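Comments concern the structure below.
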Amino acid sequence: MQTQTTESIKDQIRRGNDAFEAAFARQDSKELSKLYTNDAALLPPGATEQKGPQTIGQFWQGAMDIGVAKAKLTTVEAEDYGDTAVEIGHYELSSATGDQLDHGKYVVVWKRQGDRWLLHRDIWNTSQSPG
């Protein structure tokens, strides 16, 4: 049962994505890790599942260390079901000079904790051709 309109949940997720993008632009993996639930799981392509905020922060720090300086997240659709929401979107990852490093699509399961929505399950895959 939806408790909010789709537009409302999109706005709330946008705030979460704005915080994600800002932390990434500051290269602040510790702040990024705070955007995830305590039992969050990151499911990156070609890598093992990353569980918990500390491990997820380390994963994103690794991405930053190899040159990913900016993340842009665009919500395509979002629905909420009480304290859970599902977002489908597109991402772009760029270097400090603005060169696009990757782009693709993602699904995030969000959980509301108090008045904040936090990432709970985060999975994505590239839309770039191999090679």
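Please identify every one of the GluC sites (Glu not before Pro) in region 47-126 that sits in a loop by DSSP and has no more than 16 other beta carbons within 10 Å of its own beta carbon.
Passing both the DSSP loop test and the Cβ count: E49.
I'm spelling it out carefully: the read-out is semi-axes √(5λ) of the Cα gyration tensor in Å, the candidates are [x] 24, 16, 14; [y] 27, 18, 11; [z] 20, 15, 15, and one was derived from this structure. Which label?
[x]
Tell me the angle of helix 53-65 to the major Cα principal axis of the chain, expressed in degrees between 0 and 90 and rounded to the nearest ten.
Approximately 40 degrees, to the nearest 10.
Which length gain, in nm to one decimal place, applies between E49 and D11 when the Cα-Cα distance is subtracted from 0.36 nm times their residue separation?
Result for the pair: 10.8 nm of gain on full extension.
Where the centroid of each part is defined by its Cα atoms, how far is region 102-127 from region 34-79 in Å?
Centre-to-centre distance over Cα atoms comes out at 8 Å.
Mean residue ellipticity at 222 nm from the helices of the chain, using -39,500 (n - 2.57) per DSSP H segment of n ≥ 4 over the full residue count, to the nearest 500 deg cm²/dmol? Display every interim value, and only then the final one.
Numbers: 3 runs with 38 residues, N = 131.
So the helix-based figure for the chain works out to -9000 deg cm²/dmol.
Using only Cα atoms and rounding to the nearest 10 degrees, what angle (0 to 90) does helix 6-25 make with the longest principal axis of the chain?
Tilt relative to the chain: about 30 degrees.
So which of K72/K111; K10/K30; K70/K111; K10/K111; K51/K105; K10/K51 end up more than 19 Å apart, counting from Cα to Cα?
The answer is K72/K111; K10/K30; K70/K111; K51/K105; K10/K51.
Among I56, I66, I13, which one shows the biggest mean-square fluctuation in a GNM of the chain, springs joining Cα atoms closer than 10 Å?
I66
With springs only between Cα atoms under 10 Å, which of G67, G89, G114 fluctuates most in a Gaussian network model of the chain?
In this elastic network of the chain, the residue with the biggest mean-square fluctuation among G67, G89, G114 is G114.
Rounding to the nearest 20 debye, state how big the charge dipole of region 6-126 is about its Cα centre with +1 on each Lys and Arg Cβ and -1 on each Asp and Glu Cβ.
That gives a dipole near 220 debye.
Quote the convex hull volume per residue of region 36-92, based on C-alpha atoms, as a whole number of Å³.
Expressed per residue, the convex hull around the Cα atoms of region 36-92 is 98 Å³.
Coordinate-derived values only; no laboratory data. Given the structure is predicted, the values throughout are model-derived calculations rather than measurements. We place every Cβ from the backbone using ideal geometry, glycine too, and count neighbours over all the protein chains shown.
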